[in-house]
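Read through the structure below, which is laid out as structure tokens, and then see the notes.
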Amino acid sequence: MELIAFGKTGWGDELLIATLMTLAVSVTAMIIGFIFALIFTPLKLSKNKLLNIIANFYTTVIRGVPELLVIYLFFFGGSGAIMYVASIFGYNEYIEINAFLTGAFSIGIISGAYSTEVFRGALQSIDKGQFEASNVLGFNKLIRFYKIILPQMLRLAIPNLSNVWQITLKDTSLISVTGLVEIMRQSYIAAGSTRDPLFFYTLAAVLYLMLTFLSMKLINKMEIKYSKGFNGY
Amino acid sequence: MDIDLLLNSFPKLIVASIITLKLLSASLVIGLFIGLFFAILRVNNNLVLGKFAYGYSYIFRGTPLLVQIFIIYYGFGQVEFIRDSIFWVILKEPYWCAIIAFALNTGAYTSEILRSAFQTINPGLIEAGKSLGINNKIIFYKIQIPIAIRQSLPAYGNEIILMLKGTSLASTVTLMDLTGVAKYIISTTFKPIEVFVVAGSIYLFITFIIHNLIKFFEKKYSFE
């Protein structure tokens, strides 16, 4: 119990902050993933062959290559790439991107590939009549998407998106290799200085279980909200 | 692009991918038995055993694989009676620790896949078996298991690919698998893109083969 006390004697407050950090990275990565999905889902469904190939390349490569390798690519290559771009604009100083951004971006790209597939599936399973009906009623494209297609898409996508969220949440543990102090890194530090790895890694597992459990509860509520009028809700 | 580095790192990474494949196949074989065992507990009518199996799969699916490896590799070494027991011969090797962690992890996912396969078997098939006077054991082994395997092939194919990606975590417990060697080359040459291209292509190639193997088996065992 002393080990997880708050304050200077224990690791309680450090682990709490680390848990919040894990949450922050996961949410940021998920949002970055949504942005990627918003770009690549239309490409996947477009009639242009070249755009299709680009989108398929993205989802296939990212889903076929280990997450750790992608993280290493951005960890070792990220600042180099940005410095190269900056040097074109005449800025030659050393640029270091922080671990949070590298981590959130690399996990975001991964979660984006999964989200793309989910959105594609959801969009494709919306009845064609819905598009036609909104055209007949004279809605413009923006309203059609936000008021008619998106709510239906979300209902179909939420169960699968909750899987993507779980994958993203668990993938953030891999960012610890870049030195960002999230749950895994903090447990590693605590385990190293107290020589009690079993306790701290088990605690990390419990913290992750708590996060997945609580987020599942939340997602279930959202599922019910968006399923109004379906399946007896 | 540094073509020399591409050509130089290729043989090293190919050699490293053998360890990746070894880790993958060992953990899949062990994991399949674990998964089958827990799936049977789940479809069993015994409530306590069912809850136990559910708890197992919930814990292993709810926590990152990295935590599981670290608990087994770093955590268990700290407990005295494990170090004194005969298991220490296995648990002191990072190679076996990785396999144990992977097997337990894939076992949890496999148990879920098999459970849903068992539960979606048409009850008429089992009733037909019973009315033909076949005893329960033979119904289970000769009717339920083959159908469940066929049902779960697509999902299991995904699981194999996820596990292939999971083996990359072996590099965090000092094993020099494909990702481990790739990281080593990156950190000595500072050329992440070239190494990523080579290592990534090897992973994609393995994924491609697994994907086609599963497709082949799906066709072979299809009902039509």
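Just so you know, all these numbers are worked out from the coordinates, no wet-lab data involved. Quick caveat: nothing in here was measured; it's all calculated off a predicted structure. Note that each Cβ is placed from the backbone with ideal geometry, even for glycine, and that neighbours are counted across all protein chains shown.
Each label point is 7 Å from the Cα along the Cα-to-Cβ direction; what then is the distance between the points at A:L150 and A:V85, in nm?
2.6
Measure off 7 Å from each Cα along the Cα-to-Cβ vector at A:N56 and A:N135, then give the distance between these two points in nanometres to one decimal.
2.6
Rounded to the nearest 10 degrees, what's the angle between the helix A:99-124 long axis and the longest principal axis of chain A, both from Cα atoms, 0 to 90?
Once rounded, the angle reads 30 degrees.
For the range B:3-220, just say rounded, prolate or oblate: build the C-alpha gyration tensor, square-root its eigenvalues into a ≥ b ≥ c, call rounded for a/c under 1.5, and beyond that prolate if a/b exceeds b/c, oblate if not.
It comes out oblate by the Cα gyration axes.
Sorted from largest down, what three extents in whole angstroms do the Cα atoms of the range B:133-224 have along their principal axes?
69, 29, 13
When a/c is below 1.5 the answer is rounded, else prolate if a/b is larger than b/c, else oblate, so apply that to the range A:91-160 with a ≥ b ≥ c taken from the square roots of the Cα gyration tensor eigenvalues. Could you put the intermediate results ahead of the total?
Working: a/c = 4.41, a/b = 2.29, b/c = 1.93.
The shape class here is prolate.
For every helix of n ≥ 4 consecutive DSSP H residues, a contribution of -39,500 (n - 2.57) applies; sum these over chain B, divide by its total residues, and give [θ] at 222 nm rounded to the nearest 500 deg cm²/dmol.
On the way: 10 runs with 170 residues, N = 224.
Value at 222 nm, helices only, nearest 500: -25500 deg cm²/dmol.
GNM, chain A, Cα, under 10 Å: largest mean-square fluctuation among A:G108, A:G78, A:G192?
A:G192
Return the sequence-ordered ³J(HN,Hα) values of the range A:129-145 in whole Hz as given by the Karplus equation 6.51 cos²θ - 1.76 cosθ + 1.60 applied to θ = phi - 60°, using x for Gly and Pro.
Whole-Hz 3J(HN,Hα) from phi for the range A:129-145: x, 5, 5, 5, 4, 5, 5, 4, 6, x, 6, 7, 4, 5, 5, 4, 5.
Anything over 29 Å Cα to Cα? Flag those among B:K183/B:K220; A:K44/B:K12; B:K92/B:K183, in the order listed. Present the calculation step by step, with values, prior to reporting the outcome.
Details: B:K183/B:K220 39 Å; A:K44/B:K12 36 Å; B:K92/B:K183 24 Å.
Listed pairs above 29 Å: B:K183/B:K220; A:K44/B:K12.
Hey, what's the Kirkwood Rh for the protein assembly as shown if you take every pair of different alpha carbons, in angstrom?
Details: mean 1/r = 0.0411 Å⁻¹.
Kirkwood hydrodynamic radius for the protein assembly as shown: 24.3 Å.
If the cut-off is 15 Å between C-alpha atoms, which aspartates and glutamates fall inside it for B:K137, apart from same-chain ones fewer than 8 positions away?
Excluding near neighbours in sequence, the set is B:E127.
Taking Rh as the Kirkwood radius computed over C-alpha pairs, what is the Stokes-Einstein D of the range A:21-181 at 4 °C in a medium of viscosity 1.567 mPa s, expressed in µm² per second? Present the calculation step by step, with values, prior to reporting the outcome.
On the way: Rh = 17.3 Å.
For these conditions, the coefficient is 75 µm²/s.
Mind telling me which of A:S176, A:S79, A:S106 comes out most flexible in a GNM of chain A, alpha-carbon contacts under 10 Å?
In the Gaussian network model the winner is A:S79.
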